[in-house]
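A.B. asks: Here you go, one structure.
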Amino acid sequence: MEITVQWIRTSWTKHSRGGEAAAQRNAVPTGFSMPRVPPSFAHFVEASEDDGFVPYERVVDLHEVGLNLRDEGDRLWVLAREHQLYGMPSRPRRHPAIRLSPGQWARWQLNYRFSGVGRADWSYWLDTFNVAYGLADPDVFLSEPTVLVDECGPVR
């Protein structure tokens with residue numbers, strides 16, 4: 001069965017936590033139209049404070065994406081991997097894996113805050129994973145997901 005994956009990473013520092021810069025950051029979409037992507041690859045979109053939150057798109061190997069996926073034949077098992085690189089907020093109780101039926105899609109979001117080690121400021125990122133199971137329209141991720149998992153916590 002066909003699996004379509006889109007990974008969106010938005011990254012910023014405390015300079016984009018308020019005002020116009022925060023408005024630009026919050027305007028980064030949670031879904032984009034899908035280009036043609038070969039099997040075993042994902043559509044990666046990165047928007048960072050350094051580039052004024054202008055999205056930069058490329059194709060990456062599916063193994064680079066922070067997801068565990070298992071095609072069970074009639075359903076797709078999906079679990080977002082949490083980065084433990086000293087990223088906060090802590091998530092003492094993670095959301096369990098989900099299962100998608102053919103024709104369904106999920107959006108899973110995780111956010112992080114990293115200390116200023118080696119940097120003057122805290123840095124932040126938001127990972128959004130869009131996953132469709134079965135044949136998907138290129139604009140599938142522009143609609144409302146069948147399943148929404150929001151694991152975003154306070155990053156102060």
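A.B. asks: For the chain, set up a GNM with springs between Cα atoms under 10 Å and report which of Glu82, Glu46, Glu20 has the largest fluctuation.
C.D. replies: Result for the chain, Cα springs under 10 Å: Glu20 fluctuates most.
A.B. asks: So between Cys152 and Trp122, what do we pick up on full extension, going 0.36 nm a residue minus the alpha carbon distance?
C.D. replies: 9.1 nm
A.B. asks: Right, next: Using helices alone, what [θ] at 222 nm do you get for the chain, with -39,500 (n - 2.57) per DSSP H run of 4 or more residues, divided over all residues and rounded to the nearest 500?
C.D. replies: Only helices count here, giving -1500 deg cm²/dmol.
A.B. asks: Considering the dipole of the chain built from charges on the beta carbon (Lys and Arg +1, Asp and Glu -1) around the Cα centre, which of Phe114, Phe141, Ser16 is farthest to its positive end?
C.D. replies: Positive-most Cα among the choices belongs to Phe114.
A.B. asks: Also, I was wondering about something else. Could you compute the net charge surrounding His15? Neighbours are other residues with a C-beta less than 9 Å from the C-beta of His15; K and R count +1, D and E count -1.
C.D. replies: With Lys, Arg at +1 and Asp, Glu at -1, the net is 0.
A.B. asks: Further question on the same structure: If you average the C-alpha positions of the stretch 1-61 and of the stretch 133-156 separately, how far apart do those two centres end up, in angstrom?
C.D. replies: 13 Å
A.B. asks: Check Leu67: other-chain or 5+ apart residues with amide H under 5 Å from its amide H, H built from backbone geometry?
C.D. replies: For Leu67, whose amide H was placed from the backbone, the distant partners under 5 Å are Arg81.
A.B. asks: For Ser48, what charge total do you get from the other residues with a beta carbon under 12 Å from its beta carbon, if Lys and Arg give +1 and Asp and Glu give -1?
C.D. replies: For residues surrounding Ser48, the net value is -2.
A.B. asks: For the chain, what does the relative contact order come out to in percent, with C-alpha contacts under 8 Å and a separation of six or more?
C.D. replies: Normalised by residue count, the contact order of the chain is 30 percent.
Values quoted throughout were computed directly from the atomic coordinates according to the rules given, and no laboratory measurement underlies them. Values in this document were obtained by computation on a predicted structure and should not be read as measured data. FYI the Cβ positions are ideal-geometry reconstructions off the backbone, even for glycines, and counts take in every protein chain you see.
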